[in-house]
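The values are calculated or read from the model by the stated rules, or taken from the named source; none is laboratory data. Note that the structure is a prediction, hence the values are computed from the model and not measured. Every residue, glycine as well, gets a Cβ built from its backbone with ideal geometry; the counts of neighbours run over all protein chains shown.
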Amino acid sequence: MKRKRYAWLTDIHLEFLRDKKAGGFVEELAAREFDGIFLTGDISNARRLEFHLRLFEDIYQTPVYFVLGNHDYYGDSVESVRRMVRELCSRSKWLHWLPASGVVKISSNTCLIGHGSWADGRLGDYDTSRVLLNDYVQIQNFVKAGEIGRLTLLNSFGDQAAAYFENILPEALEHYQHVIVLTHVPPFKESCWHEGEISADDWLPHFSCKAVGDVLREFMSTFPDRRMTVLCGHTHSSGQITFLPNLVVKTGEAEYGLPAIQEILEIN
């Protein structure tokens, strides 16, 4: 049986490209004749996200499985962006937003699930951190919450993502030997890379999601005969860790204005 080939992309930030160059990037992907794309967030910003997703719809015309990253909400609210994406994908043949797609069969023994997740403030040292992400002034939910309500909101977004995985993993692990997880935010401290090192304690609260990591670790400890590969981004730095014998996490690198393929995955 011929192996299927999927391109993994992350943090492509098409909002930093002129429209012609963004379209050209999608055309280059189409010329490679992959069976599909796995895209782990930070596609664009809220104002341009629908336009850039439609580039894949109109030019690529092959399945695109994706989750959203924090930048995809810049300029709007989380609820509004998710509503737009859900409606767009419901009318699309090619665009598949994974939180609304359930367990996606890739092959007889491999499935795909995903959720963008969110940094939940629980790893590192939030209380002494002086890091101020653009998220907190660019996303309406955080503007409304203010500094006082920020940690509570981070916790809640992380918990929502963890609950999603807790609900969907039993089905995925029951029917498939290998589960590929797409997420934006690294789920473990050890997968939160920055320039070849693990992120420092002042950055970790804003770049990792402990709640999701706890769920993934618990399930894969309970199912030692199953495998999981997690693909994430957010930090713009690459790294890989075998967190458990059956749980591998890969973090993708990125540079603004230079979208690129992270890896080509071949799946039986």
Taking segment 62-79 and the residues there that are hydroxyl-bearing (Ser, Thr, Tyr) and either part of a helix (DSSP H, G or I) or in contact with a strand residue (DSSP E or B) (Cβ under 7 Å, 6 or more places away or on another chain) (or both), the one that is modelled with the lowest pLDDT would be Thr62
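Got a number for residues in segment 94-122 being among the charged types (D, E, K, R) and in a loop (DSSP other than H, G, I, E, B)? I'd like the intermediate steps shown before the answer.
The initial filter retains those residues of segment 94-122 that are among the charged types (D, E, K, R), namely 105, 120, 122.
So of that shortlist, the ones also in a loop (DSSP other than H, G, I, E, B) come out as 120, 122.
Number satisfying all stated conditions: 2.
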So, first residue farther than 17 Å from Ser117 by Cα in segment 217-241, second residue of a type in the set (D, E, K, R) and surrounded by fewer than 19 Cβ atoms within 10 Å (Cβ to Cβ), Cβ within less than 6 Å, six or more apart or across chains; the pairs are Ser237/Glu195; Ser237/Glu253; Ser238/Glu253; Ile241/Glu190
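Given the options Ile37, Ile59, name the one that is out of contact with any His (no Cβ under 9 Å at 6 or more places or on another chain), at pLDDT below 95 and among the hydrophobic types (A, V, I, L, M, F, W, C). I'd like the intermediate steps shown before the answer.
On the way: Ile37 fails: at pLDDT below 95.
None of the other options fit; the residue is Ile59.
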Scanning segment 1-18 residue by residue, those out of contact with any strand residue (DSSP E or B) (no Cβ under 9 Å at 6 or more places or on another chain) and in a loop (DSSP other than H, G, I, E, B) turn out to be Met1, Lys2, His13, Leu17, Arg18
Q.
For segment 95-116, check the following and say yes or no: at least one residue is under 27 Å from Arg47 (Cα atoms), among the hydroxyl-bearing types (Ser, Thr, Tyr), modelled with pLDDT of 95 or more and buried (at least 18 other Cβ atoms within 10 Å of the Cβ).
A. no
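Within segment 162-176, identify whether any single residue is over 17 Å from the mean Cα position of the chain (by Cα) and of a type in the set (D, E, K, R), and answer yes or no.
So in segment 162-176, the residues over 17 Å from the mean Cα position of the chain (by Cα) come out as 167, 170-176.
Subsequent filtering for residues that are of a type in the set (D, E, K, R) retains 171, 174.
Yes.
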If we keep only residues of segment 29-47 that are part of a loop (DSSP other than H, G, I, E, B) and over 18 Å from the mean Cα position of the chain (by Cα), then the residue surrounded by the most Cβ atoms within 10 Å (Cβ to Cβ) is Phe34
Taking segment 224-237 and keeping residues touching a helix residue (DSSP H, G or I) at 6+ places or on another chain (Cβ under 8 Å) and either closer than 28 Å to Pro259 by Cα or surrounded by fewer than 17 Cβ atoms within 10 Å (Cβ to Cβ) (or both) leaves Met228, Val230, Cys232, His234, Thr235
Selection from segment 216-246 of residues closer than 23 Å to His206 by Cα and either hydroxyl-bearing (Ser, Thr, Tyr) or in a strand (DSSP E or B) (or both) yields Thr229, Val230, Leu231, Cys232, Thr235, Ser237, Ser238, Gly239, Gln240, Ile241, Thr242, Phe243
Matching residues in segment 80-93 (more than 17 Å from the chain's Cα centre (by Cα) and part of a helix (DSSP H, G or I)) number 6
Every listed condition ((1) surrounded by fewer than 17 Cβ atoms within 10 Å (Cβ to Cβ); (2) polar (S, T, N, Q); (3) under 25 Å from Asn155 (Cα atoms)) holds for Gln240 save (3)
Checked segment 123-177 for anything over 25 Å from Arg227 (Cβ atoms), touching a Ser or Thr at 6+ places or on another chain (Cβ under 8 Å) and outside any helix (DSSP H, G or I); matches are Gly124, Ile139
**OP:** Check segment 189-201 and report whether any residue there is of a type in the set (Lys, Arg) and surrounded by fewer than 17 Cβ atoms within 10 Å (Cβ to Cβ).
**Re:** no
